[in-house]
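Note sheet for the following structure.
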Amino acid sequence: MPMILNIKMYKEVIEFIKGVFPDQGFIPLHEPRFVGNEKAYVNEAIDSTFVSSVGAFVNRFEDDMARISGAKYAVATGNGTSALHMAMHLVGVESGDEVITQAFTFVATANAISYLKAIPVFVDISRDTLGLSPKKLREYLQKNAEKRSDGTYNKATGRRLAACVPMHTYGFPCEIDEIVAICDEFEIPVVEDAAESLGSHYKGKHTGTFGKVGIFSFNGNKTLTCGGGGAIVTNDEALAKRGKHITTQAKIPHKWEFNHDEIGYNYRLPNLNAAMACAQLEQLEPFIANKRALFEMYKEFFGKEGMPQLYSERGDSRANYWLNVLIFENQDQRDQFLDETNSNGVMTRPAWNLMHRLEMFNQCEHDGLEESIWLENRLVNIPSSVRVDALTK
Ligand SMILES: *Cc1c(COP(=O)(O)O)cnc(C)c1O
């Protein structure tokens with residue numbers, strides 16, 4: 001029986017969101033805000049003539065990212081996808097290997113696995129965290145993994161399980177300590193896709209710093225942006241050094257000689273973008289406080305009778321609330337809401353199409369993805385930008 005849709009409720013939501021972001025025609029899902037030193041630092045970079053792949057802001061950005069994340073080392077990259085590509089390369093993912101990740105993620109996670117000619121294996125997420133489920137991960141590994149002298153193999157496919165890439169969905173931390181413990185048991189390195197979770201902490205520790213390597217993104221739609229940018233973080237000095245090396249064409253430093261000792265990549269972050277990133281990082285805390293206050297406003301509003309459920313962080317985490325999440329009772333309600341909001345100047349978006357449905361990945365192994373599918377049918381992201389009028393200076 002089709003659910004009776006409550007049109008009045010949708011109108012109320014649209015009115016509320018328009019009130020939260022006043023004096024705006026169309027309300028996007030997530031807009032960048034440049035209210036700090038962005039222009040000053042970019043001008044400084046231009047005046048220095050160092051606009052390209054080396055410069056003071058690149059070094060400062062790497063220092064800032066290490067300090068903010070609490071990781072020992074950070075390497076700047078041109079974007080989050082290239083950071084992911086390099087992170088998996090650094091932990092030894094090779095052609096023909098398998099990499100365990102979520103089907104419920106942005107396509108960049110699965111694409112980066114493919115750049116190494118490795119094959120994604122999709123394990124289910126948890127309804128509780130929206131991220132990789134430790135329970136499902138353990139079940140999958142207990143059923144399929146076999147430790148051999150040269151690595152852990154998938155009994156079903158005969159391929160090596162070379163890495164596990166959990167993702168902190170929409171900035172909400174997954175149960176990363178448990179995931180790392182399980183992967184340690186099976187001797188599988190963890191690469192954390194923390195692209196969406198800059199400023200999010202799990203049990204007091206910054207996301208991206210639990211696994212062997214973590215990555216962040218500074219794309220235009222993320223919590224902070226520098227146009228395009230990324231970072232790799234790690235506590236492993238050798239890995240950090242090699243990370244810097246292979247993202248900068250693997251050139252051996254020398255006064256005049258061009259010598260390279262392996263196939264490198266031009267995955268550098270231009271100093272111009274690093275300048276913007278440094279200015280944005282100065283505002284991370286006020287931006288997150290602002291986004292958390294927005295969540296509180298949404299919480300009060302959606303706490304009313306008949307409203308969809310607003311997803312909130314767990315007690316063990318502190319989320320950056322990059323994107324707020326509504327969960328509807330069924331797909332009909334979700335579709336109606338998407339339709340009403342997007343036709344009335346309020347941008348809302350469903351979950352990404354699950355990776356195992358995409359043409360490139362529809363042959364990949366998965367564990368049934370029960371919770372991923374449940375959430376895919378019900379979840380909607382609502383406008384979550386920083387409200388400039390409410391920023392404390
Ligand atoms: C944004 C994002 C990326 C990629 O970052 P870019 O900087 O856009 O390349 C990777 N993974 C996830 C989960 C993302 O949301």
Amide H to amide H, which residues 5 or more places from Val386 or on other chains are under 5 Å from it, using H placed in the peptide plane?
Glu31
Around Thr348, what is the net charge, scoring Lys/Arg as +1 and Asp/Glu as -1 over all other residues with Cβ under 10 Å from its Cβ?
0
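So, with a 1.4 angstrom probe, what is the percent of accessible area on the chain that is carbon and sulfur? The partial results should precede the final answer.
Working: 8510 of 16760 Å².
Of all accessible area on the chain, carbon and sulfur atoms account for 51 percent.
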I want to check the label-to-label distance for Met297 and Glu187. Put each point 7 Å from Cα in the C-beta direction and report it in nm to one decimal.
5.3
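Treating only the Cβ atoms of Lys and Arg (+1) and Asp and Glu (-1) as charged, compute the dipole magnitude of the stretch 118-233 about its Cα centre; round to the nearest 20 debye. Mind showing how you got there, number by number?
Details: 14 positive and 14 negative charges, 44 e Å.
For this selection, approximately 220 debye.
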Förster radius 35 Å - calculated FRET efficiency between Ile252 and Phe26 (Cβ-Cβ, nearest 0.05)
0.10
Taking the Cα centre of the chain as the origin, how large is its charge dipole in debye, to the nearest 20, when only Lys and Arg (+1) and Asp and Glu (-1) carry charge on their Cβ atoms?
460
Find the centroid of the Cα atoms in the stretch 78-117 and in the stretch 197-237, then give the distance between the two in whole Å.
15
Which listed residue (Met86, Tyr202, Pro383) has the Cα farthest towards the positive end of the charge dipole for the chain, taking +1 on Lys and Arg C-beta and -1 on Asp and Glu C-beta about the Cα centre?
Met86
Rounded, prolate or oblate for the stretch 1-151? Axes are the square roots of the Cα gyration tensor eigenvalues, ordered a ≥ b ≥ c, and the cut-off for rounded is a/c under 1.5.
oblate
Using only the Cα atoms of the stretch 192-262, build the gyration tensor, take square roots of its eigenvalues as a ≥ b ≥ c, and label the shape rounded, prolate or oblate: rounded if a/c is under 1.5, else prolate if a/b is larger than b/c, else oblate.
oblate
Averaging over every viewing direction, what projected area does the convex hull of the Cα atoms of the stretch 38-281 cover, in nm²?
13.2
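Which whole-number percent gives the relative contact order of the chain, counting Cα pairs below 8 Å spaced six or more residues apart? Write out the running numbers ahead of the final one.
Values: 859 pairs, mean separation 97.1, N = 393.
Dividing the mean separation by the residue count of the chain yields 25 percent.
List, in the order given, every pair from Lys39/Lys244; Lys72/Lys244; Lys135/Lys203; Lys117/Lys251; Lys147/Lys212 whose Cα-Cα distance in the structure shown is over 21 Å.
Details: Lys39/Lys244 27 Å; Lys72/Lys244 14 Å; Lys135/Lys203 19 Å; Lys117/Lys251 24 Å; Lys147/Lys212 19 Å.
With Cα atoms farther than 21 Å apart: Lys39/Lys244; Lys117/Lys251.
In the chain, what percentage of the DSSP-assigned beta bridges are antiparallel, given to the nearest 5? Can you show the working numbers first?
Values: 29 of 45 bridges.
For the chain, the DSSP antiparallel bridge percentage is about 65.
Would you calculate, for the chain, the mean residue ellipticity at 222 nm contributed by helices, counting each DSSP H stretch of 4 or more residues as -39,500 (n - 2.57) and dividing by all residues, to the nearest 500? Mind showing how you got there, number by number?
Values: 12 runs with 139 residues, N = 393.
Calculated from helices alone, the mean residue ellipticity at 222 nm is -11000 deg cm²/dmol.
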Counting sequence-distant residues (5 or more places) and residues on other chains, those with an amide H built under 5 Å from that of Val121 are Val99, Ile100, Thr101
Which FRET efficiency, nearest 0.05, do Asp389 and Asp150 yield, Cβ-Cβ r, R0 56 Å?
0.45
Can you tell me how much longer the chain between Asp236 and Asn43 gets when fully stretched, taken as 0.36 nm per residue apart minus their C-alpha distance, in nm with one decimal?
66.0 nm
What FRET efficiency comes out for the pair Ser343/Val35, r = Cβ-Cβ distance, R0 = 25 Å, nearest 0.05?
0.20
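The values are calculated or read from the model by the stated rules, or taken from the named source; none is laboratory data. Remember, it's a predicted structure, so these values are computed and weren't measured experimentally. Don't worry about glycine lacking a Cβ; one is built from the backbone with ideal geometry, like all the others, and counts go over all protein chains shown. Side chains are part of the model used for accessible areas, which takes the heavy atoms of the whole protein and leaves out ligands, DNA and RNA. Shrake-Rupley method; radii C 1.70, N 1.55, O 1.52, S 1.80 Å.
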